[in-house]
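J.: So that we are looking at the same thing, I have put the structure below in structure tokens.
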Amino acid sequence: QVQLVESGGGLVQPGGSLRLTCTFSGGNFMNYAIGWFRQAPGKERVFVGAVARRADTSLLEDSVKERFTISRDNDKNTVYLQLNSLKPEDTALYHCGADRTGPWNIPRVGYEYDYWGQGTQVTVSS
């Protein structure tokens, strides 16, 4: 059974940085695109970014693309989301998901994903 575990969240000041890690197990990592979503209190879950099965194909949502980066390490079965220049509005529970799909596909909506982690909390506050 595929399992995803997120780590790296925490409490940071505005302008600070965090690196989130999504660790995959229980299947062939190379068969899955990996996405990041976030959900703030009282809000619906929204897309942040994703990396395809091919590590050189990725996408970030427009509101974060100047500040965040996403990368995939197929040797470690992990995906990283680097969060820079954090703002209070970035506060949310960040989830990673896995989607068994084509090698170049970038799933952008939650219903396309087959598996989810439990999330890691990011809080940005002064």
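J.: Please work out how much length the chain gains when fully extended from Glu89 to Ser17, using 0.36 nm per residue of separation minus the C-alpha to C-alpha distance, in nm with one decimal.
T.: Length gained between Glu89 and Ser17: 24.5 nm.
J.: In Å and from the alpha-carbon atoms only, list the Rg and Dmax of the stretch 47-86.
T.: 10.2, 30
J.: In whole Å and largest first, what semi-axes does the C-alpha gyration tensor of the stretch 19-84 yield when each eigenvalue is scaled by 5 and square-rooted?
T.: Taking √(5λ) for each Cα gyration eigenvalue gives 21, 14, 10 Å.
J.: Compute from the Cα atoms of the chain the Rg and the Dmax, the latter being the longest Cα-Cα distance, and quote both in angstrom.
T.: Both quantities, over Cα of the chain: 13.5, 42 Å.
J.: Given a 1.4 angstrom probe, what's the average accessible area per residue across the stretch 6-91, in square angstrom? Display every interim value, and only then the final one.
T.: Working: 4260 Å² over 86 residues.
That works out to 50 Å² for each residue.
J.: While we're on this one: Distance between Cα centroids, the stretch 1-56 to the stretch 70-126: provide it in whole Å.
T.: 2
J.: What number, in nm² with one decimal, is the all-direction average of the projected area of the convex hull of the alpha-carbon atoms of the stretch 67-126? Before the final figure, lay out the partial values.
T.: On the way: hull surface 20.6 nm².
Spelled out: convex hull of the Cα atoms, projected over all directions, averaged, 5.1 nm².
J.: Turning to a different aspect of this structure: Order the following by accessible area, largest value first: Asp114, Asp62. Probe radius 1.4 Å; ligands, DNA and RNA are ignored.
T.: Descending order: Asp62, Asp114.
J.: I've got another one for you. By the scheme Lys and Arg +1, Asp and Glu -1, what is the net charge of all other residues having a beta-carbon under 14 Å from that of Asn84?
T.: Values: positive: Arg19, Lys65, Arg67, Lys87; negative: Glu66, Asp90.
After counting each charged neighbour, the total is +2.
J.: Run the numbers for Lys65 and Asn28: contour at 0.36 nm per residue of separation, minus the present Cα-Cα distance, in nm. Walk me through the intermediate numbers first.
T.: Details: separation 37, 0.36 × 37 = 13.32 nm, distance 2.84 nm.
So the extension gain works out to 10.5 nm.
J.: Given a 1.4 Å probe and every protein chain left where it sits, what share in percent of the accessible area of the chain is carbon and sulfur? Walk me through the intermediate numbers first.
T.: On the way: 2900 of 6480 Å².
Heavy-atom surface of the chain belonging to carbon and sulfur, 1.4 Å probe: 45 percent.
The values are calculated or read from the model by the stated rules, or taken from the named source; none is laboratory data. Everything quoted here is computed from the prediction, not taken from an experiment. Counting neighbours? That spans all protein chains shown, and the Cβs are built from the backbone with ideal geometry, glycine included. For accessibility, only protein heavy atoms count, side chains too; no ligands or nucleic acids. Shrake-Rupley method; radii C 1.70, N 1.55, O 1.52, S 1.80 Å.
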